[in-house]
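I have placed the structure first, in the form of structure tokens, so that the comments after it can refer back to it.
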Amino acid sequence: MPDFPFSVLLSPETGIPEQYDNHIQRRLTDLHGQFSNQEAYEAALAGENRMLYEVFELSRPHTPGELLTGVSVIYPGLIGEEFVMTKGHFHEVLETAECYYCLQGEGAMVMENPEGDCEVVPMPEGSILYIPPRWAHRAVNTSLEEKLVFLFIYPAHSGHDYGTIESQGFRKLVLYRDGEVIVVDNPRWSAGKSE
Ligand code: PAN
Ligand code: ZN
């Protein structure tokens, strides 16, 4: 993106920006070890290595003062009882916040901080979701039919720490059980787990 003020239109149908610099695609294999039901994950993998979510980023220098923004699209579906979700991460610079705006669909944000607090906050269409500094975050598509589409904005020097979540997971899981969205403790969560 240019080094002067600019605007980018989002498609009214899809929410995807008409111009973007990076297009990240995450498929089933990219979330290896992240879904709680390993058997269901393997069964899903036996089919197609399907797309779980895509990110369309407007790039800017990763320097303090700049902001990174873009749009993520999470496809609907379940792996076992667990909804399709993002990998989730802490920001490498822990003291950086982030803001999401839900453009389409319905979701939930799973969040926790190193102090042991955790929250699962609904993200209905049209809502702003604020992630304070220090909170790891994972977006979950809680619809079984519709895509979850949201815009994100965060400080460009934040960086991403995926490793902590990859090894210990989140403390909470968002599941679909008996026709309802429920939040349960993650039985496999463990601080500093290394597998
Ligand atoms: C978002 C996320 C994006 C994809 O831009 O990076 O939705 O999620 P993962 O990065 O967890 O795969 C953000 O939170 N950036 O900081
Ligand atoms: Zn983030």
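The values are calculated or read from the model by the stated rules, or taken from the named source; none is laboratory data. Fair warning: this is a prediction, and the values are worked out from it, not measured in the lab. Glycine also receives a Cβ, built like all others from the backbone with ideal geometry; neighbour counts cover every protein chain displayed. The protein model used for the area step is the full one, side chains on, heavy atoms only, and it has no ligands, DNA or RNA in it. Shrake-Rupley method; radii C 1.70, N 1.55, O 1.52, S 1.80 Å.
Helical runs assigned H by DSSP (4 residues or longer) give the chain a calculated mean residue ellipticity at 222 nm of -2000 deg cm²/dmol, each run adding -39500 (n - 2.57) before division by the residue total.
Label sites at Phe4 and Glu92, each approximated as a point 7 angstrom past Cα along Cα to Cβ, lie 3.2 nm apart. Would segment 82-195 count as rounded, prolate or oblate if I go by the C-alpha gyration tensor, calling it rounded below 1.5 in a/c and otherwise prolate when a/b exceeds b/c, oblate otherwise? Taking the square roots of the gyration eigenvalues as a ≥ b ≥ c, segment 82-195 is oblate.
With every protein chain present, what is the per residue accessible area of segment 57-166 (1.4 Å probe, Å²)?
Normalised by residue count, the accessible surface of segment 57-166 is 40 Å².
Computed from the C-alpha gyration tensor, the three semi-axes of the ellipsoid equivalent to segment 1-115 are 28, 19, 13 Å, from longest to shortest. Using the Cβ-Cβ distance between His62 and Val184 with R0 set to 22 Å, the FRET efficiency works out to roughly 0.05.
Within the assembled protein chains, the solvent-accessible surface assigned to His23 is about 80 Å², based on a 1.4 Å probe. Can you pull the percent of Cα pairs in the chain with separation above 31 Å? Summing the P(r) tail past 31 Å for the chain gives 14 percent.
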